[in-house]
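Engineer: Sharing a structure, written as structure tokens. Questions coming.
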Amino acid sequence: MKHTLTPQRYLILLAVMLTASVGDTLLSHGMSQVGPVTLAHLGLLLVAIRNPWVITGILCLLGFFASYLTALSWADLTFVLPSTAFGYIVVAFLAKFWLHEPITPYRWAGILLIVCGVGFVANGPSLTPHEAQHATEETAPAGEGAVTGGTQ
Amino acid sequence: MIYVSHIHAGPIETWATILTVAATAVAGDVLTAGAMRRIGDLDRIRAKSGLGGAVRAVTSSPMFLLGVLSMAASFFSLLFTLSNVELSLAAPASASLTFLGNAFAAKLFLKENVDRRRWLAALFVCAGVFLLAK
């Protein structure tokens with residue numbers, strides 16, 4: 001099994017992780033100012049997207065989307081998504097210290113288990129080789145191929 | 001500033017909204033991942049055709065656009081959920097369920113090699129979600 005992500009591609013995975021968690025936290029802070037949205041008051045969602053915190057959150061999530069799509073173009077979906085798991089730690093800390101949400105020991109244990117679980121995936125191959133990709137990789141310049149996967 | 005919580009959803013409403021976020025996210029992820037697989041390495045396309053070429057390659061894919069529609073549905077479900085459920089539950093729980101759903105969907109639709117390592121990860125995530133709900 002070879003596992004050769006370039007530093008630039010690790011940076012893209014880092015961007016996927018950070019922008020998602022910061023964006024979610026900004027959205028949550030913005031929505032706490034907007035108030036509860038119910039099925040009877042769905043129009044509040046339009047108010048929400050004019051809130052500065054929600055707008056900044058959306059910008060962060062746009063950054064997430066760009067880096068996420070880039071990562072998906074050279075790695076499996078089941079590799080890229082779990083790679084974002086460390087973002088849960090960022091979310092937990094932001095939620096606790098900025099939004100002042102209580103986090104129980106059970107919840108901390110749950111977050112820890114999720115991070116451990118996705119750690120398994122991060123150690124594996126990031127791309128399932130398909131015939132069409134083999135053909136593409138053969139025509140690619142040496143060292144450009146991100147990852148060659150294989151069975152465990 | 002003191003943060004005033006508006007969190008008030010019951011367990012059924014909490015998990016129904018979280019499941020909706022996850023289901024629409026899985027549809028969006030699988031469709032966009034399938035589209036990106038067809039389009040090919042974006043780094044290489046950008047090197048050859050520039051940023052505009054990469055953007056055109058992505059946005060001209062119907063599968064990608066369908067994926068974006070699903071993601072938009074997921075986003076508004078998330079906004080709805082975040083106004084009723086605590087972030088530290090809603091964000092990890094919906095993301096974990098999305099991860100589990102994606103493992104099944106990626107194997108089924110994208111033919112990804114979801115091996116023992118990835119299934120084991122799914123079990124850990126399940127246990128994590130269970131603990132998050134306590």
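Engineer: Report the relative contact order of region A:7-139, percent, no decimals, based on alpha-carbon pairs under 8 angstrom and at least 6 residues apart.
Structural biologist: That works out to 31 percent.
Engineer: Is region A:39-107 best put as rounded, prolate or oblate by its Cα gyration tensor, with a ≥ b ≥ c the root eigenvalues, rounded for a/c under 1.5, and otherwise prolate when a/b is larger than b/c, oblate when not?
Structural biologist: oblate
Engineer: Another question, if that's okay. So what is the relative contact order for region B:1-124, in percent, with contacts set as C-alpha pairs under 8 Å and at least six apart?
Structural biologist: 39
Engineer: Also: Mind running the shape call on region B:25-95? Use the C-alpha gyration tensor, a ≥ b ≥ c as the square roots of the eigenvalues: rounded below 1.5 for a/c, prolate if a/b tops b/c, oblate otherwise.
Structural biologist: Prolate is the answer for region B:25-95, as a/c is 1.5 or above and a/b outweighs b/c.
Engineer: Let me ask something else. Please report the Cα spread of region B:83-134 along all three principal axes, rounded to whole Å, starting with the longest.
Structural biologist: So the extents along the principal axes, rounded to whole Å, are 36, 20, 10.
Engineer: Within 10 Å, count the other beta carbons around each residue, average over each peptide in B:55-63, A:71-79, A:50-58, B:19-27, and list them highest first.
Structural biologist: A:71-79, B:19-27, A:50-58, B:55-63
Engineer: Okay, next question. Label residue B:111 and residue A:45 with points 7 Å out from Cα along Cα→Cβ: what is the distance between them in nm?
Structural biologist: Taking the simple label geometry, residue B:111 and residue A:45 are separated by 3.7 nm.
Engineer: Using per-residue counts of other Cβ atoms within 10 Å, averaged over each peptide, order B:68-75, A:22-29, B:90-97, A:42-49 from highest down.
Structural biologist: Highest mean packing first, the order is B:90-97, A:22-29, B:68-75, A:42-49.
Engineer: Any idea what the alpha-carbon Rg over 2.2 N^0.38 Å comes to for region B:1-126?
Structural biologist: Dividing the Cα radius of gyration by 2.2 N^0.38 Å gives 1.26.
Engineer: Evaluate peptide B:88-101: per residue, the Cβ atoms of other protein chains within 10 Å of its Cβ; return the mean as an integer.
Structural biologist: 6
Engineer: Can you work out the base-10 log of I(q)/I(0) for region A:7-139 at q = 0.14 1/Å, using the Debye formula on its C-alpha atoms alone?
Structural biologist: Summing over Cα pairs of region A:7-139 leads to -0.76.
Quick note: the coordinates plus some simple rules give every number you see, no bench work behind them. The shown structure was predicted, so the numbers you read here are calculated from the model rather than taken from an experiment. With ideal geometry, Cβ positions are generated from the backbone for all residues, glycine too; neighbour counts draw on all protein chains shown.
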